[in-house]
Amino acid sequence: MMIPSPVARVLLTAALVSLVPVMVAGQASRTSEGPGAQPVAPRTPPAKAPVQTPRPAPGPTPRPAPRTRPVTPAASRPAGPLGRSWSGLVRYGNAYDSNIDQNDANLQAFGVVLGGGLRYVDDPRDPSVTVQYETGIHRYSGTDRWDRISHYVRAQASQDLVGRLKGDLIGEISLKGTTEEREMSNQFNVIPRLNLRLDKRHRVRVVGAWRERRYDDVERNARNRYIGAEFTRKDGDDHELTVEARIERNDAQGSRYQWNRISYGAEYLWPLGKWGRLEFDVRYRQVRYAERTVEIDDEDVLRRDNRWTPAVVWRHDVTPLTELRLGFQRESRDSNDPRRDFGANQFIFGLTRRF
């Protein structure tokens with residue numbers, strides 16, 4: 001036999017080394033699958049190792065991502081100017097009053113009101129500051145007592161306080177408007193409110209007011225204060241009921257116009273489909289004069305009045321920016337001074353266009 005050369009020996013050694021893994025693999029295959037092999041349990045796939053989240057590199061603690069508000073469905077989003085900070089409106093209204101002066105003369109009158117206004121909110125979705133201004137021209141038939149140009153300014157700031165408690169501060173200026181006594185005056189009001197949301201359906205509100213009233217008759221000028229409470233329940237289908245009560249003090253320059261008043265009220269909102277609703281409202285007021293007297297059976301007694309004001313209003317959105325309003329209101333006063341008793345029916349028609 002010939003002895004192979006060194007080069008041949010190296011090549012032969014490399015070939016043998018390369019065959020070793022092939023032979024081992026073939027032997028393993030025959031052991032597990034070939035004829036005569038012993039049955040073995042099926043192999044189970046190895047469990048996946050949990051994914052390890054890489055630790056952040058050393059450094060300052062990152063801030064949490066800002067909370068985002070849920071997306072409002074397109075159908076319920078404010079459309080057009082209602083989704084902007086600035087918006088405007090124009091109003092047109094007609095009214096009929098069966099006793100516009102609220103006395104035993106029962107003077108009937110038809111009225112026309114034409115007005116407009118501007119409104120600003122800092123955030124159209126969730127405003128914390130609201131400012132609005134409106135002006136109107138009022139004209140009535142049969143009398144010029146109520147003909148006027150009125151101005152109204154209102155500013156409101158809202159702030160979340162603690163938990164479900166929210167505070168409002170409202171300032172109002174009304175020039176040649178009408179008061180709850182249906183007397184024209186200029187008013188300057190500051191109204192703080194505390195709102196507590198008990199849950200999704202129930203809310204309690206405590207409200208107070210400091211008001212300065214100015215009349216053409218200086219004796220009527222008064223500083224008026226009141227405090228009250230409201231409770232509101234809102235159902236899932238947008239039916240809403242509010243009941244309220246308040247006590248009020250009117251300190252006028254003339255003693256004849258000083259009085260205390262207790263008021264009760266209730267309002268119920270009944271939605272009518274997507275575009276309309278009915279508003280039922282009733283108010284009852286008890287007025288007790290501090291020094292004004294009336295003679296009854298040859299005896300002077302303090303005057304006292306009871307006043308009822310039920311009303312119903314139908315509102316309908318002709319378009320998303322145009323509202324139609326039809327309403328009826330009954331006002332009546334029962335007094336121990338028979339000369340002050342009266343009853344009046346009012347019918348109203350109004351159209352408001354926002355832009």
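Multiplying the residue separation of residue 219 and residue 275 by 0.36 nm and removing their Cα-Cα distance gives an extension gain of 15.5 nm. Rg and Dmax of region 231-343, both derived from C-alpha coordinates alone, stand at 19.1, 62 Å.
Each residue of region 186-202 was assigned a 3J(HN,Hα) from its phi angle through the Karplus curve 6.51 cos²θ - 1.76 cosθ + 1.60 (θ = phi - 60°); the sequence is 9, 10, 10, 10, 10, 10, x, 9, 10, 10, 10, 8, 6, 7, 5, 10, 10 Hz, with glycine and proline shown as x. Taking a point 7 angstrom from the Cα of residue 123 along the C-beta vector, which residues in region 151-169 have backbone N less than 20 Å away? What the label zone holds, given the 20 Å backbone N cut-off, is 155-169.
Here the Karplus curve 6.51 cos²θ - 1.76 cosθ + 1.60, taken at θ = phi - 60°, turns the phi angles of region 248-263 into couplings of 9, 10, 10, 9, 9, 5, x, 4, 5, 10, 8, 7, 10, 9, 10, 10 Hz, with x standing for Gly and Pro. Projected onto its three principal axes, the C-alpha set of region 211-261 covers 50, 19, 13 Å, listed from the longest axis down.
Rounded to the nearest 20, the Cβ-based charge dipole of region 247-355 about its Cα centre (Lys and Arg +1, Asp and Glu -1) stands at 720 debye. Taking the Cα of residue 135, stepping 7 Å toward and past its beta carbon, and measuring to each backbone N in region 158-186: which are under 14 Å? Those under the cut-off are 175-176.
In region 122-243, inverting the average of 1/r over every pair of distinct C-alpha atoms gives 16.9 Å as the Kirkwood radius.
Taken over region 117-276, lysine pairs spaced eight or more positions apart, or on distinct chains, with alpha carbons under 30 Å apart number 6.
Where a number appears in this text, it was derived from the coordinates with a stated rule and is not lab data. Model, not experiment: these values are computed from the prediction. Virtual Cβ from ideal backbone geometry, glycine too; neighbours counted across all protein chains shown.
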